[in-house]
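Inspection log for the structure reproduced underneath, given as structure tokens.
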Amino acid sequence: MKTVKIKISLLGYWYIGTGHEAGAYADSIALKDRDNLPFIPGKTLKGMFRNSAQLCCNNSILTEDEMDVLFGVPGTSLERPCDNIDLDNDELATSGILFFNNAELTGSEKNEIKEQDLSRHLYKIIQSTAIDKNGVAADKSLRSCEVVVPLNFITSISYEDNQKFNDTFESEDKLKELLKTLASFITEIGGKRRRGFGRCLVEVL
């Protein structure tokens, strides 16, 4: 396995939810680790990069074959099935070469926040309400959401330097340049993006 480092800068409030409520505190709460610190799950990052890759495919920047190698094909019941699928083990046969790790604060930042008991300052409650056609707040529509303040995260993308990689990409530098291109199309992350949350900058280091 080889890795490429990624930096994610959140430029405003952002939200990745747990799907749980918190009583009187908030109707929806932000995702946190066991130390009450925010993070971005690897599966969320994969979704971001995959959406960017699809956009690149639609604009002939990336080929469908390159996308399949990077992210795999999600099953065998597709109009364009992956070549050489092992029907007894199709999940392994259609997996991509990229593996996305959770994006977290740096170790020194985590330690400082925990030592100074600062984690509560990383979150803010935002309230919103639905407006009816007359411009009046709809009855019982007030909702509160816990969002996270702007932060920087570091993570890495691991990849397999295997035959699929060698058959598709000329070099590690070509793969890194392609990841930079994909990262440049990622401008938002998480939920409530229509409300302006989640603006971000993703950089391949």
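The values are calculated or read from the model by the stated rules, or taken from the named source; none is laboratory data. The structure presented is a predicted model; accordingly, all values stated were derived computationally and were not measured. So basically every Cβ, Gly included, is an ideal-geometry build from the backbone, and we count neighbours across all protein chains shown. Each accessible area value is taken on the protein alone, full model and side chains, heavy atoms only, with ligands, DNA and RNA left out. Shrake-Rupley method; radii C 1.70, N 1.55, O 1.52, S 1.80 Å.
The table that follows gives values for the structure above.
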quantity	calculated
Residue check, D161 in a loop (DSSP other than H, G, I, E, B) and charged (D, E, K, R)	yes
Subset of segment 1-19 (residues that are open to solvent by 30 Å² or more (accessible area, probe 1.4 Å) and either within 24 Å of K180 (Cβ to Cβ) or free of Cβ contacts under 8 Å to residues at least 60 places away in the same chain (or both))	M1, K2, T3, K5, K7, L11, T18, G19
Neighbours by Cβ (under 6 Å, 6+ apart or cross-chain): first from segment 94-112, of a type in the set (A, V, I, L, M); second in a loop (DSSP other than H, G, I, E, B) and open to solvent by 50 Å² or more (accessible area, probe 1.4 Å)	I97/E160
Test result for I40, at pLDDT 95 or above and surrounded by 12 or more Cβ atoms within 10 Å (Cβ to Cβ)	yes
Members of segment 156-203 found to be of a type in the set (V, I, T) and under 24 Å from V73 (Cα atoms), listed by number	I157, T168, T181, I186, I189
